[in-house]
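The next block holds one structure in the form of structure tokens; read it before the comments.
The values are calculated or read from the model by the stated rules, or taken from the named source; none is laboratory data. All of these numbers come straight from a predicted model, not from anything done at the bench. Here the Cβ positions follow ideal geometry from the backbone for every residue, glycine too, while neighbour counts run over all protein chains shown.
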Amino acid sequence: MITPDKIEAWIKEVEERPASAPLILQYIANRLRDLTARNEELLAENISLMTGKRVEEYERRIAHLEYQLDLLKRQVGGEQMVSDLLAAAAQPAAASMVESVNLLVYDTTGRVLRLEANPAKLSAEAHIGHLQGGFSIQDEPPRLLVVPSQEELLCIFTSGRVTTLPVMSIPVAEGDAIDWLRAPMPDEPRAGEMLACLAPFSKMALADSFLQVSRRGFVKKIRSSLAQSILANYYIGSGVNQPADKTFELALCGSQDRLVLVSAEGFLVFLEVGQLPYSIEEVLRLGSTDHLVSAFILPPGGSILLMTQVGKAIYRTEDSLEVVSSFRTKGQAVLSAQRRQQGVRLISATAVRETGWGCALHQDGTLSLHVISDLLGKGVIPTSDQLLAFAVTSERLG
């Protein structure tokens with residue numbers, strides 16, 4: 001602030017040293033300009049408040065915060081206090097409640113099938129269903145996602161459009177033989193677009209940013225503060241800058257996290273999230289016939305399970321991965337050149353725990369369950385044809 005004492009001091013300075021007058025006048029002019037600009041900002045804000053525009057903006061912010069809080073509450077069981085959660089965690093594992101998990105099968109046409117199961121009642125290598133209708137190798141295969149019942153999904157379309165979808169709003173498929181062609185379409189794609197992915201979104205309040213990944217290995221980092229605008233406008237952007245490319249995955253992450261990208265032809269890149277720009281950047285340079293099959297955040301000390309279409313399991317620990325410091329790299333080869341020439345391709349890669357379990361979708365429509373520790377020991381999933389997709393959860397079977 002410019003106080004009367006300061007003004008008197010400046011006048012005295014000018015009287016004693018006239019040469020300093022231009023400098024003092026320049027300072028006063030700059031300060032008056034800043035005050036005028038701030039006054040105009042305050043005037044505009046007062047006008048916004050009087051017209052209700054700023055009130056509406058605050059109401060939208062409050063609604064978005066309440067939405068995030070509701071999502072987090074659903075993940076921890078509603079209004080339970082932290083002390084209650086700590087007390088529950090201290091109980092023996094056998095006494096704790098095991099929540100049912102949901103296996104989602106979905107494809108680019110917008111079909112989303114939900115199968116619900118209690119891990120404690122499942123057995124290893126069991127079949128939990130058979131999808132009727134058949135799948136073509138030429139078409140983009142369905143994808144698998146294992147999520148809790150209370151999860152909220154973000155449906156991302158290739159046009160950049162987004163919608164939210166609670167898992168519980170998807171009907172549960174009943175019976176062993178399931179007609180895939182009659183699977184529900186919670187939000188049917190509009191003309192010219194396809195369903196790119198379903199992304200778990202309930203923990204967005206805990207994320208620093210979102211990573212939008214394309215099939216051709218491009219990544220765009222988005223500040224989590226933009227979530228309110230994205231959800232309000234139902235639009236996140238296509239995340240691509242090449243006509244033949246399209247959105248593939250969305251990952252929530254922290255500033256210290258590490259991202260893993262894996263391609264069908266067996267190339268892997270491992271990099272720090274902090275070094276990624278907020279513009280679209282080619283991170284993994286792929287061949288003309290290659291595309292991504294997985295993009296995920298690897299927790300510290302985590303391990304990776306890669307699955308081929310012939311059912312072969314490949315296991316990698318974090319210390320075997322090289323963190324890259326540059327973009328447009330070809331990545332680390334997971335498959336040998338000989339195996340690529342023989343037609344071996346990856347269908348999935350994901351962070352795993354040995355105590356978890358996974359689900360595989362076979363080309364004949366069979367959905368089979370596998371304990372990760374057993375799968376690592378055997379190194380293969382028996383299949384009569386090919387595997388189309390594989391997904392895991394951290395919950396242990398019975």
Handout entry: Unique residue being without any contact (Cβ under 8 Å) to a residue 24 or more places away in the chain and either farther than 16 Å from Leu113 by Cα or of a type in the set (A, V, I, L, M) (or both) when the list is Leu154, Leu211, Leu226, Leu195
Key = Leu226
Handout entry: Filter result for the condition that a residue is of a type in the set (Lys, Arg) and under 18 Å from Leu286 (Cβ atoms), over Arg182, Arg215
Key = Arg215
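Every residue, every condition in (1) β-branched (Val, Ile, Thr); (2) crowded, with 17+ Cβ neighbours inside 10 Å; (3) under 27 Å from Glu282 (Cα atoms); (4) without any contact (Cβ under 8 Å) to a residue 60 or more places away in the chain, yes or no:
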{"residue": "Phe327", "(1), (2), (3), (4)": "no, yes, yes, yes"}
{"residue": "Lys330", "(1), (2), (3), (4)": "no, no, yes, no"}
{"residue": "Val334", "(1), (2), (3), (4)": "yes, yes, yes, no"}
{"residue": "Trp357", "(1), (2), (3), (4)": "no, yes, no, no"}
{"residue": "Ile372", "(1), (2), (3), (4)": "yes, yes, no, no"}
{"residue": "Leu375", "(1), (2), (3), (4)": "no, yes, no, no"}
Exercise for the section: Determine if segment 346-367 includes at least one residue that is modelled with pLDDT of 95 or more, among the basic types (Lys, Arg) and out of contact with any Lys or Arg (no Cβ under 8 Å at 6 or more places or on another chain). Expected result: no
Problem - Meets criteria (surrounded by 16 or more Cβ atoms within 10 Å (Cβ to Cβ), in contact (Cβ under 8 Å) with a residue 24 or more places away in the chain, part of a loop (DSSP other than H, G, I, E, B) and out of contact with any Phe, Trp or Tyr (no Cβ under 6 Å at 6 or more places or on another chain)) for Val310 - result: yes
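With the structure loaded, tell me whether Ala177 is assigned by TED's automatic domain parsing to the domain that holds Ala360, modelled with pLDDT of 95 or more and small (Gly, Ala, Ser) or whether it fails that test.
Numbers: assigned by TED's automatic domain parsing to the domain that holds Ala360: yes; modelled with pLDDT of 95 or more: no; small (Gly, Ala, Ser): yes.
No; evaluated as a whole, the condition is false for this residue.
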Handout entry: segment 233-277, residues that are part of a loop (DSSP other than H, G, I, E, B), under 19 Å from Glu318 (Cα atoms) and touching a Lys or Arg at 6+ places or on another chain (Cβ under 8 Å)
Key = Gly266
Handout entry: Among residues of segment 239-269, those that are out of contact with any Phe, Trp or Tyr (no Cβ under 9 Å at 6 or more places or on another chain), touching a residue at least 12 places away in the same chain (Cβ under 8 Å) and of a type outside the set (A, V, I, L, M, F, W, C), counted
Key = 8
Fill in the blank from the handout: Scanning segment 145-183 for residues that are surrounded by fewer than 21 Cβ atoms within 10 Å (Cβ to Cβ) and in a strand (DSSP E or B) gives Val147, Pro148, Arg161, Thr163, Thr164, Leu165, Pro166, Val172, Ala177, Ile178, Asp179
Practice task
Scan segment 298-307 and give yes if some residue there is β-branched (Val, Ile, Thr) and touching a Gly at 6+ places or on another chain (Cβ under 9 Å), otherwise no.
Solution key: no
Handout entry: From the options Leu387, Leu321, residue that is of a type in the set (A, V, I, L, M, F, W, C) and either buried (at least 21 other Cβ atoms within 10 Å of the Cβ) or touching a helix residue (DSSP H, G or I) at 6+ places or on another chain (Cβ under 8 Å) (or both)
Key = Leu387
Exercise for the section: Name the single residue, out of those in segment 203-228 being within 20 Å of Gln256 (Cα to Cα) and assigned to a loop (DSSP other than H, G, I, E, B), that is modelled with the lowest pLDDT. Expected result: Lys203
